[in-house]
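Working notes, beginning with the structure itself.
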Amino acid sequence: MKTLSFRLGKTESYLINRLREKGFVHLTLFDPEVKDASSLAELAEKSEEMGTDGFMVGGSTVYFREMMDEAIRAIKSVSNLPVIIFPSNITSVSPHADAIFYMSLLNSLEWWFILGAQIHGALMVKEYRLEPIPVGYVVFKGETSVAAVGRAFPLPESKPNLAASYALAAQLLGMRLIYLEAGSGAESPIPPDVIRTVRRVVDIPIIVGGGIKSGQSAAEAILAGADIIVTGTLVEQDPQKLAEITDYSRRAAREREPAISRYIDEGL
Ligand code: 1GP
């Protein structure tokens with residue numbers, strides 16, 4: 001298929017254009033439970049200086065909408081980069097963001113996290129004029145908040161073909177991004193072998209996050225085929241370290257063939 005039957009929204013187009021220009025995208029995740037609004041504003045400014053391309057806001061145990069509102073407003077007061085909701089439940093849906101990752105936690109054991117919250121939140125997304133970006137979300141590793149809260153049956157890292165099947169199913173269902181999640185603060189990131197196997201099978205951009213603490217890990221993920229790198233904990237602990245992540249990522253993206261090309265050239 002050569003043409004899109006719908007128009008991508010502003011934020012999704014921005015992400016795709018950044019991918020085309022730079023060969024990768026970096027998103028900074030802020031958990032409103034970890035940092036208050038004024039610290040977030042300061043961190044957002046620093047993150048932009050260090051080369052991040054946008055912000056995600058959310059956390060597995062953020063139960064109050066007000067926390068999302070405050071965090072998003074704080075970031076928007078200092079930066080024009082897009083702010084994307086990274087929802088854990090319907091309480092994450094804030095009218096102040098630009099877009100929302102309209103995600104399905106594909107390996108959850110609970111209907112709620114696969115489709116229920118999406119149904120219950122749909123009219124809010126429309127009413128608030130949030131740009132929905134459909135994302136297939138798969139969780140690896142059990143010892144994380146996202147696995148516990150989302151009742152995920154974590155995918156084994158030793159079976160990359162399984163991850164590839166989930167990712168391809170997401171693409172075939174029409175989701176436009178696939179997110180391979182190790183969980184915030186994970187001991188180690190998603191292994192490159194898993195990313196490489198998923199890359200061979202899917203055309204949609206791959207988001208990789210969780211446990212990325214060094215430029216080296218970010219570069220390995222990109223060389224294996226990741227398009228969007230997410231870091232959260234690292235920025236909360238040491239924002240200067242973000243410069244290393246974006247620097248290594250830039251170099252890795254130059255080294256590889258653009259993973260995004262099939263998606264860009266042929267449309268969805
Ligand atoms: C978690 O993928 C994100 O949802 C980021 O994880 O906090 O470990 O960077 P970290």
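The values are calculated or read from the model by the stated rules, or taken from the named source; none is laboratory data. For clarity, every value in this text was computed on a predicted model and none was experimentally measured. Every residue, glycine as well, gets a Cβ built from its backbone with ideal geometry; the counts of neighbours run over all protein chains shown.
Count, please, the residues in the range 223-251 that happen to be touching a Lys or Arg at 6+ places or on another chain (Cβ under 7 Å) and of a type outside the set (D, E, K, R).
The qualifying residues number 5.
Checking Arg196 against (1) among the charged types (D, E, K, R); (2) away from the ligand (no atom under 14 Å from the Cβ); (3) out of contact with any helix residue (DSSP H, G or I) (no Cβ under 6 Å at 6 or more places or on another chain), which test does it fail?
(3)
What single numbered condition from (1) over 21 Å from Leu177 (Cα atoms); (2) aliphatic (A, V, I, L, M); (3) in a helix (DSSP H, G or I) fails to hold for Ile119?
(1)
Please identify the pairs in which a residue from the range 49-70 that is within 15 Å of Ser39 (Cα to Cα) has its Cβ atom under 6 Å from the Cβ atom of a residue that is modelled with pLDDT of 95 or more and within 12 Å of the ligand (Cβ to nearest atom), counting only partners at least 6 apart or on another chain.
Listed by first residue and then by second, the contacts come to Phe55/Thr28; Val57/Phe30.
Just to be sure, is Ala44 surrounded by 21 or more Cβ atoms within 10 Å (Cβ to Cβ), over 19 Å from Ile207 (Cβ atoms) and touching a helix residue (DSSP H, G or I) at 6+ places or on another chain (Cβ under 8 Å)?
It is true that Ala44 is surrounded by 21 or more Cβ atoms within 10 Å (Cβ to Cβ), over 19 Å from Ile207 (Cβ atoms) and touching a helix residue (DSSP H, G or I) at 6+ places or on another chain (Cβ under 8 Å).
Taking the stated definitions as given, is Glu131 more than 18 Å from the chain's Cα centre (by Cα) and charged (D, E, K, R)?
No.
Here are Thr61, Thr28: which of them is assigned to a loop (DSSP other than H, G, I, E, B) and among the β-branched types (Val, Ile, Thr)?
Thr61
How many of the residues in the range 14-33 are among the charged types (D, E, K, R), farther than 23 Å from Ser60 by Cβ and in contact (Cβ under 8 Å) with a residue 40 or more places away in the chain?
Of the residues in the range 14-33, 2 are among the charged types (D, E, K, R), farther than 23 Å from Ser60 by Cβ and in contact (Cβ under 8 Å) with a residue 40 or more places away in the chain.
Based on what the data block shows, is Gly211 at positive phi, modelled with pLDDT of 95 or more and within 10 Å of the ligand (Cβ to nearest atom)?
Criteria met by Gly211.
Collect the residues in the range 122-150 that are of a type in the set (Gly, Ala, Ser), part of a helix (DSSP H, G or I) and free of Cβ contacts under 8 Å to residues at least 24 places away in the same chain, keeping them in residue-number order.
The one that is of a type in the set (Gly, Ala, Ser), part of a helix (DSSP H, G or I) and free of Cβ contacts under 8 Å to residues at least 24 places away in the same chain: Ala122.
Does Ala182 satisfy the condition of being within 16 Å of the ligand (Cβ to nearest atom), crowded, with 18+ Cβ neighbours inside 10 Å and among the small types (Gly, Ala, Ser)?
The answer is yes for Ala182.
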